[in-house]
Structures are given as C-alpha cells and as structure tokens.
Amino acid sequence: EGDAVRLGLTYVTGLGHAGARRIITARGSRPFAGLADFCRRTRLPKRGVENLIRAGALDALGGDRRQLLWRLPTLHYREEELPLTYPEETVKLPALSAAEQTLDEYRLLGLSTGEQLLAHYRQALQAQGVSTVAQTRQNRNGASVRVAGLVVVHQAPPTAKGHHFLTLEDETGLLDVIVRPRLYARQHSLLDRATILIAQGILQRNGARLSILGQRFSAVNAMFSDN
C-alpha cells in the first residue's frame, strides 16, 4: 500500500540473473502457494533459496524467516520432479530478532529495507553514554565524545603518512573519524574487521566540516553480544 522502493532480485547475493529469471518465469503463471511450491517450481539451489529467505524476499510465503529456514532442508525437490507430497516435521522456533533480520539484509543485500542497524542497539548504547551522530554534532569544538556507527568507508591514502580515515553511519547521519598511525598500529585488528565501531575521541570543527580525532575504539557486537 502506498509508495515503495523495490529492490531487484539480483541484489540478493548468489542469486544472479539466471536465478532471478527462473523466479519471474515461475511467478508469471500463478502466485506461489508456499515455500514448497516456490522451491518445486523454481528449482533453485537450496543455498539460493536460503539467501532469499534471509534477505526477506520470501516473507510473504508464510511463517517467520527462522521457520522458513528450518523447513527448507526438509523439502524434497529436484529438477522435473513429480509434485509428490512428503511428511514434514513440525517444530516451533523463536522468530529472528529485528537486529538479526537487519544483519542478514546487510550481509546479503548490502543495505537494509527496514531500520538502520544502529537503531537496534540505541537503547543499550545510550546506557553506555554513546551519542548519536546528530547529538555529537551539537557539541563544542574540542569536546570529548563517544559515537557508534556502521563502518561505511575505511581508507588510507598513500599521501596521508599512515593516517586512516573512517566514515561511520548511524540512524541519524554520517561522521568522519581520523585515526593516527600510532593508534592504528595498536588497534588495526579491530579497525580492519569490525562492522560496527564505537569511536571515542575529540570533536574537530573546520567550518561546516565536522570530524573526530580518534583516541580509542571498541566493537559494538562485542559490548552487546547478549542483545
């Protein structure tokens, strides 16, 4: 209902144009009645169907994503197989959390069609004294700040003399972070692999441009692994 932006099927990792064409062709005759009907008519590899489920593309087939993932290995279908009915084992599984669904969408689509990833951590981050990007922008020049964000850019230009530059994104905006060579040497393992970072540092204003001179970093998924 209403206006919407729809993503192409080829955005889903591992599906490709051939897989997308199978779905479109099968869907052209009639709607899919459920997961078993979808698998039987498209004959996609189960890994491709798994990625579609995790990306949210099959939400309309009934059941939550974890339930669909559980059912998938139990389905028996092969190319040109007769539409036989097999007994299914019924099990009740807890639904994927909103954060788990968003993480899967980022992994498989490179983006999320729902809330930005940091929104799921916001309450816990606020309890730890971590500000949003929008709140950080309200601080004075030279203030000590803590902000968390998805690492959307990490670059180290050859002319920067060992400095690294990060761009963090949360649900309120983007913020640049400068990492001096000595700090990068101490925390390079975290900085090179973390998806989400908490950056503590000094706020720097240069006209309308705002950045943080980093002093210490930690990983959000490490701090809130139980959430």
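Below, the figures for the structure above:
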read-out: Subset of the range 106-123 (residues that are among the small types (Gly, Ala, Ser) and within 27 Å of GLN204 (Cβ to Cβ)); value: ALA119
read-out: Filtered residues of the range 1-50 (kept if assigned to a helix (DSSP H, G or I), polar (S, T, N, Q) and open to solvent by 60 Å² or more (accessible area, probe 1.4 Å)); value: THR10, THR25, SER29
read-out: Residue list for the range 143-173, restricted to those being among the aliphatic types (A, V, I, L, M), under 20 Å from the mean Cα position of the chain (by Cα) and either modelled with pLDDT under 95 or within 13 Å of ALA219 (Cα to Cα) (or both); value: VAL147, ALA148, LEU150, VAL151, VAL152, VAL153, LEU168
read-out: Complete set of residues in the range 146-161 that are open to solvent by 60 Å² or more (accessible area, probe 1.4 Å) and either of a type in the set (Val, Ile, Thr) or touching a residue at least 24 places away in the same chain (Cβ under 8 Å) (or both); value: ARG146, VAL152, HIS154, THR159
read-out: Qualifying residue in the range 162-176 (condition: in contact (Cβ under 8 Å) with a residue 12 or more places away in the chain, open to solvent by 90 Å² or more (accessible area, probe 1.4 Å) and not in a loop (DSSP other than H, G, I, E, B)); value: no
read-out: Unmet requirement for SER131, which otherwise passes all of (1) among the small types (Gly, Ala, Ser); (2) surrounded by 13 or more Cβ atoms within 10 Å (Cβ to Cβ); (3) touching a residue at least 24 places away in the same chain (Cβ under 8 Å); value: (3)
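Residues are listed down the side, and each one gets a yes or a no for (1) of a type in the set (D, E, K, R); (2) on the phi > 0 side of the Ramachandran plot:
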residue: GLN126; (1), (2): no, no
residue: VAL130; (1), (2): no, no
residue: VAL133; (1), (2): no, no
residue: ALA143; (1), (2): no, no
residue: LYS161; (1), (2): yes, yes
residue: ARG180; (1), (2): yes, no
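The values are calculated or read from the model by the stated rules, or taken from the named source; none is laboratory data. Bear in mind that the values here come from a model prediction, so they are computed numbers and not experimental data. Ideal geometry is used to build each Cβ from the backbone, glycine not excepted, and the neighbour counts take in all protein chains shown. Note: areas computed on protein heavy atoms with side chains; ligands, DNA, RNA excluded. Shrake-Rupley method; radii C 1.70, N 1.55, O 1.52, S 1.80 Å.
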